[in-house]
Amino acid sequence: MAEALSQYLWPSVAYLLTGIVHALLLLGLVAVGTVIFIWMERKIAGRIQDRLGPTRVGGKFGWLQTVADGLKLATKEDTMPRDADPILFKIAPYVALCASYATFIVLPFATGWSAVTSSISIFLIIAILGVEVFGVILAGYSSGSKWSLFGAMREAAQVVSYEVPLGLCVLVPVMIAGTMDLNVIGEMQRGWFTNWLVFHDPFTFLVFFVYITCATASVNRAPFDLAEAESELVAGFHTEYSGVRWSVFFMAEYNSMLLVSFLASILFLGGWHGPIPIFTSTGIAYESSAAAFSWGGFLANVAGVANLLFKGFAGVAIMMWVRWTLPRLRIDQVMRTCLKYCTPLACFCFLGAAIWTWAFPGGMLLKAEPYAGFREADEMALLPVANSAGTEARGDFDESVQSSGLASNDSALSQSLPGELASQDDNRRSPATALAGGDN
Amino acid sequence: MNLLTDPVGASHFMAVGAVMFVCGVVCMATKRNGLGILMGIELVINGANLNFVAFGSEFLRRNPDYALGVDGQLIALFVIVLAAAEAAVALAIALNYYNNRATIDVDRADELKG
Amino acid sequence: MDGHINWHSFYFLLFGLTACVFSVAVVLTGSIVRMAFYLTLCLGATAGLFFLAGAGFVGAMQLLIYVGGTLVLLIFGVMLTAQGPFVNMKTRAGEWVIGGAAGLMLLGLLLQAAFRVEEWRGPPEGVATATAENAPPGEIGIRMLGKPGDNGKAVGKESGYLLPFEIVSVHLLVVLIGSAYLARTKRRRRASDPAEST
Amino acid sequence: MDYLPTILGAAVLLPLISFVVIVLFGAAMRKAHVPTHYIATGAILGSFVLSFTAMCIWLSTHGIPEVHEHDAHGHGGHEEHAAGSHSAGADHLGESLAEGKLVEKGQDSQFIALTDDDHKEGGVGKDHASAAHGPDYVADDWYTISPPGIPKMSIGYHIDTLTIVMFVMVTFIASCIHFYAGGYMHEELHDVTDHEVTLSDGKHLRRPGRFHRFFQYLSLFCFSMLGLVIAGNVLMVFVFWELVGVCSYFLIGFYIERKSASTAANKAFIMNRVGDFGMLIGLAALWASFGTFSFGDVDGQPGLFSLIRPAENQHQMTTKDGLVQVGGASTEGESGDDTTDANASNPASFSYGLLIVAGLGIFCGCVGKSAQFPLQTWLPDAMEGPTPVSALVHSATMVAAGVYLVGRFYPVFTPEVLLIIAYVGGITLFMAATIAIVATDIKRVLAFSTVSQLGYMMLALGMGGWIAGLFHLITHAFFKSLLFMCSGSVIHACHTNEMPQMGGLRKKMPWTAYTMLVGCLAIAGAGIPFLIGFSGYYSKDAIIAQAISFTDANPSHKILFFVAAGGAAITAFYMFRLWFLTFSGKPRDQHVYDHAHESPKVMYVPLVVLAVLAVAVGWSIPWGTDADSGNHKELGVTALLETARPAGTADGAGTGVNFDVTYPAEAASHAEEIHVMATLVAFGTAMAGFLLAFVMYGLQRISAEDAAKQFAPVYGFFRNKWYFDELYHILFFKPTHFVSKLVAKFDRRAIDWVVNGTAKVARKVSDTGDAIIDKGLVDGLVNLTAGWIYSVANWFRNVQTGKLRQYVLFIVLGTVVLFVLIEYSSFLNAGH
């Protein structure tokens, strides 16, 4: 988009404009998402508690209720306790929101549709997500209230602890794919739903549920919402917040939920690929994230985004369902769940999946003939090259390497490729093993 | 030189690193709070780390062949990990100190004075 | 002119200034919690600088370990050792002067060292550094497992890091146990009764 | 076959495991009231099962042994035995002997020609385990200790029929003894009051029971004995040999608080060391000469036996080049005319003397272990140990080890050594038998009887009766363990060892009495002549037959025959004296009699089992006929041992070089005339002894007291065990004391004076030096330096404020200064 615009504008302005548009799109997703989530939550809670939920304000199914809520929050008086640390108190909600919002920078929404293509995107997401707790702690501490402080402490302890099993769970698909690039992990699951990693082997199937548990805990949703246990801590770290700042915390929370749901879809549930490969089998979808622009591919990607959004919203709905169904755990139970069950289980699954992948390179239910596009995605993970070079490399790769046509800034990797390709009869070989094996 | 148009080099990174380093040192020298000193140490370490990464990078040099390459990143990784370890131990010591003295003022910890 | 904005340099300015400003803020602020917050921002900006230098993995690591882990730990320490909500331990003016002077001297020294070597000043003009790609983490992993890089242009300079890797692993384990031992709950002595604290 | 080493190795290790388990958990088990002996008994029982399995495997692979000699005589010719190459040669020798010919030097060539012919004729002949080929054996190393380059030291095995027979015997008897000991030692389960130990305050010692310790030692004992038997090389033999010694030390000194027990243990140990010293010399001689330790051929490397009796020389004693020649040179002059024969070995050409030294040395060890003259005095004292230990030591393990070793090393012994063995055995036999006549302690009678029987075995071995000696070892093991356990049962019932306080116990304890009677009959060699008999009947017959055959060949050594025959008579006498004194007649001590009771079942059941075997172990069971050769097969100890006979010894040990002695083939003693005569002699002498005992002690027609008074000097002489202890006291103890006193005096007077004088002078000198150099110069310098450092450091300590932040500043300033200095110096350098 930036390139297209730069034909008409100064490059710098075009660059800035593009960035702003993208950011606004994402922000819109977050804001609208939050509004929808609030409504969803109320309706789901109502249904689960055998009542109707909000109906009075108006609109079909009472959807105007949440708009009214938003108006109320925006116009509410913004109070601050006398003992609070003013700077930190004001800035804390934005730290939390920024942290959860910044993760979208590397999240792919469809084939090739990510703001920044990074080879370590999943790692980056996990890292940035960890910063969110910082805002919570700051909020809790700067409020000058013991309820807030307790809530913040609980949240910090819980989130820091749950980052360990969460990271381990994420490692399983990363290991199977051999890359930390979410684009590649998503592309790898193209095709029928049997290609989804959750069906890759029994261990990924198990670790998917461990992931759901840990993710729920790390975004502080019930039954792990110790940090804002109303009955004990009033409202936890945001006890003293009101108005817009409070709603910013709310946005951060719902945003995190949406994010972990997206991650669950991309890591385990096929990402933006549907269960039935309509666009892939008709051939109009992009074959890889490096493919040239085409309207068919664009259409397919739009459908993919819808797919991913659906999965993400479904995940959030499930979290709500869980919240209104299960009672809250005690803090020691929360910690025990993390340290005594989730962590060992995740370790076990990691080992199991490693052994399984080594023993059955194709996975359990994966089709005998995997999707051909993956091979290219595989190469892409290996080659930090410009997009055009990647398509060229597909044709006659050896030649391009010989003629140093690749604009790679890491010759070690490009040199390793011929040997790696020669031995790559099995398309499912992970890039990491190929790299280690073909390197001499 | 115009920083907005000219490419930056390792020197610029080193300058930022130097500022962080000095801030860390001053922090260590002036803060009486033990944890403040700890933060000063973190600053110092990060300043140094920045230099490693800058020297490892091939984009920041006149002649990319002279860059450290991945080695710089690796050393930076090790430094980060060791700093984390150091922070954990230092924090444990600070907590212990606090448990014994009910204060965290390092000026009170001068009993080793001979 | 406008078309020649070097975005790489722009981002460097952004992150570098953030880092510098907030590191100075760390020194100047009195509240320990604010210090921690400024430190977070400073370290986050450093992570950004790492990305700019092409060390994406290190940057992510920095975010994960420092900002996400170590600083949370630090905040814990702050909360556990803070008696009142905001504790200030005032530093005497003389110390500020001496410390500042020493710091300035050191800064001068380091800056002149940094800009001394022509070769470090950056690539020649016109080279597009904005395309700086982050190296994939694969090579870092392989090097950590002890395989020397076969980067043809720097033979002899690069070697495997298996031994340091192992040492650091063991070191981490030791630290984990040691700090758990040090920080484990003990009978808390009252400050008002120095006779008890032996 | 391949499993044999594994099976037997497991059989060896089982007792060791039991030992380790009891060592580790014994004390805990005692506290928990878990009987420890289940472990030990289970282990040894397991060993027995394994050994028995091994024997079955061996028999199934090698077939039931065939018997040649009897056939040869029965058919009066050897032409039809084309298949058995050995049998022909042996038969020939036997026949020539039977015709009264002496075996001349020249027969060797004839013998070799014969075997050559047989080989040509009997091409399809089955490869028998016969002497001409050497016995079948399995030998290999489990583990090699030494690095390559030096003579190999390894842990290996050497398994032949002898090994297997010994295994079965040892494990079986040990199993019985373990069972028995479980009952006998039950007192040790709880705290024990030792009435024989009086403490300084007049009370008796009270100590915790050592039940588990007893079984732990017992297990170790069995392990060492089995290891000794399976050992594949001399080094291993020596190690286990010493282990056996140390176990006996532990067990004899089991009641360590009793002074007599601890002295007896020490005595046994030291006496054995004396013998072992000789053995070490022998081993050194062997090693120096042959450079190998292993018996058999391992990995193609020839072992001791093949080196001494190589197959190329028809297993006759041979040398190799390069041996120490001194021995050979010294004997050359004396035996020059004996060595002219072309085919026979040429003793003078190799270090024959060294071989004699080796043989004598090894026999020295056996003398110590088997309590032969003149080291026999420890064995009776060893009665201080618990009776099961005595049973084990005297039958299957310790003393048997000596005889076993003589049997194992048989190929190494030269005729001279054998003759010495025979004489030592003879002296021991007679001396011990006479002492046994007058002993009153029931266990001592048995102890001297053991010494005497061991003398028998040595005598037989020394006279060339390899099978006779080892056969007697086996049979003796059974009936002697039986006898000891019976006596233990009696002691258990009466709480006394003295026979004069017993009498009439037959009615109180019938099981013990009749099983002991069986034992007495067996040791006396009772049987119906030429028909059937107790086991002792066969083995004693074989020995006496060997004696006859040997003395026929060497009339000048006729005395050995008389010793053997007389010994048989005395044996019968003292055994029945024991039985009559103990079990028949009227009770001499009513209190003891009233107190006596039959032992518990766990004790007398092993007695019955052993009694059955004491009767039957000597029998040979006909086992059909071999289809190929037409030879009879027999299943029996003798037949089995025959298959293990060391190569080259079937036709006698040859002729002595230094002594005038000729060894007939052992087969010669099976000749009809000799056999008949031996049976008659054995039966007659045993009968005479029995009758005398019956008259004196059974019917009490002749008063024993009167006889003792009448022969007072002889009686006293016997009673005091031929004054051996006193002799040793005068011979060794007193001179040592005297010399050590002298040495002590010299030490105190002369050496101390010199040492003290030197010390005084040195002190004077150092005092002077100290005053001038040390105090003045060195101290001054040191103090000066220290003072200076002190003042400097005192100044520096002001810097050490302990303020952390100050230190940081110092570091910063230091860095800045350092850089400035470097900068400045580089600036200066650039200026130049």
Of everything in the stretch A:99-122, what is open to solvent by 30 Å² or more (accessible area, probe 1.4 Å), over 18 Å from A:Gly135 (Cβ atoms) and assigned to a helix (DSSP H, G or I)? Give them in sequence order. none
Scan (1) closer than 21 Å to C:Ala19 by Cα; (2) within 7 Å of chain C (Cβ to nearest Cβ); (3) out of contact with any Leu (no Cβ under 8 Å at 6 or more places or on another chain) for the single condition B:Gly40 breaks and write down its number. (2)
Conditions (1) open to solvent by less than 10 Å² (accessible area, probe 1.4 Å); (2) within 7 Å of another protein chain (Cβ to nearest Cβ); (3) assigned to a helix (DSSP H, G or I): number failed by C:Gly59: (2)
Of the numbered conditions (1) of a type outside the set (Lys, Arg); (2) outside any helix (DSSP H, G or I); (3) over 17 Å from the mean Cα position of the chain (by Cα), A:Pro93 fails exactly one; give the number of that condition. (2)
Regarding the stretch B:10-30, can at least one residue be identified that is more than 14 Å from the chain's Cα centre (by Cα), small (Gly, Ala, Ser), under 15 Å from D:Gln806 (Cα atoms) and crowded, with 24+ Cβ neighbours inside 10 Å? yes
Checking A:Asp201 against (1) surrounded by fewer than 24 Cβ atoms within 10 Å (Cβ to Cβ); (2) away from chain C (no Cβ under 14 Å); (3) not aliphatic (A, V, I, L, M), which single condition isn't satisfied? (1)
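Do you know which residues across the stretch A:131-166 are of a type in the set (Gly, Ala, Ser) and in a helix (DSSP H, G or I)?
Within the stretch A:131-166, A:Gly135, A:Ala139, A:Gly140, A:Ser142, A:Ser148, A:Gly151, A:Ala152, A:Ala156, A:Ala157, A:Ser161 meet the criteria.
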Test for B:Ala76: is it more than 16 Å from C:His171 (Cα to Cα), more than 7 Å from chain C (Cβ to nearest Cβ), assigned to a helix (DSSP H, G or I) and at pLDDT 85 or above: no
Subset tally (residues that are outside any loop (DSSP other than H, G, I, E, B) and modelled with pLDDT of 70 or more) for the stretch D:268-327: 31
Residues in the stretch C:46-55 that are assigned to a helix (DSSP H, G or I) and facing chain B (nearest Cβ under 9 Å): how many? 4
If D:Val399 satisfies all but one of (1) open to solvent by less than 10 Å² (accessible area, probe 1.4 Å); (2) assigned to a helix (DSSP H, G or I); (3) under 27 Å from D:Glu196 (Cβ atoms); (4) in contact (Cβ under 8 Å) with a residue 60 or more places away in the chain, what's the number of the condition it fails? (4)
Considering the stretch D:562-597 alone, what residues qualify as being modelled with pLDDT of 80 or more and of a type in the set (A, V, I, L, M)? D:Val563, D:Ala564, D:Ala565, D:Ala568, D:Ala569, D:Ile570, D:Ala572, D:Met575, D:Leu578, D:Leu581
Residues that are within 14 Å of chain B (Cβ to nearest Cβ) and either surrounded by 10 or more Cβ atoms within 10 Å (Cβ to Cβ) or at pLDDT 85 or above (or both): list the helices (runs of 4 or more DSSP H) wholly contained in the stretch D:734-832 that include at least 1 such residues. D:779-796, D:804-831
Residue selected from the stretch D:516-532 under the condition out of contact with any Phe, Trp or Tyr (no Cβ under 7 Å at 6 or more places or on another chain) and on the phi < 0 side of the Ramachandran plot, by the criterion most open to solvent (accessible area, probe 1.4 Å): D:Leu531
Right, A:Ile128: facing chain C (nearest Cβ under 9 Å) and modelled with pLDDT of 85 or more or not? yes
Checking C:Gly68 against (1) surrounded by 24 or more Cβ atoms within 10 Å (Cβ to Cβ); (2) at pLDDT 85 or above; (3) facing another protein chain (nearest Cβ under 8 Å), the condition it does not meet: (2)
Cβ-Cβ distance below 9 Å, separation of 6 or more or different chains: which pairs start in the stretch A:31-56 with a residue that is closer than 14 Å to A:Met319 by Cβ and end on one that is open to solvent by 60 Å² or more (accessible area, probe 1.4 Å) and among the β-branched types (Val, Ile, Thr)? A:Ile48/A:Thr325
D:Ile559 vs (1) buried (at least 24 other Cβ atoms within 10 Å of the Cβ); (2) modelled with pLDDT under 85: all pass except (1)
Would you point out the residue of the stretch C:103-117, among those that are touching a Ser or Thr at 6+ places or on another chain (Cβ under 9 Å) and more than 7 Å from every other protein chain (Cβ to nearest Cβ), that is surrounded by the most Cβ atoms within 10 Å (Cβ to Cβ)? C:Val117
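The values are calculated or read from the model by the stated rules, or taken from the named source; none is laboratory data. Everything numeric here is computed off the predicted structure, so don't read it as measured data. Note that we place each Cβ from the backbone using ideal geometry, even for glycine, and neighbour counts take in every protein chain shown. Note: accessible area is taken over every heavy atom of the protein model, side chains too, but ligands, DNA and RNA are not part of it. Shrake-Rupley method; radii C 1.70, N 1.55, O 1.52, S 1.80 Å.
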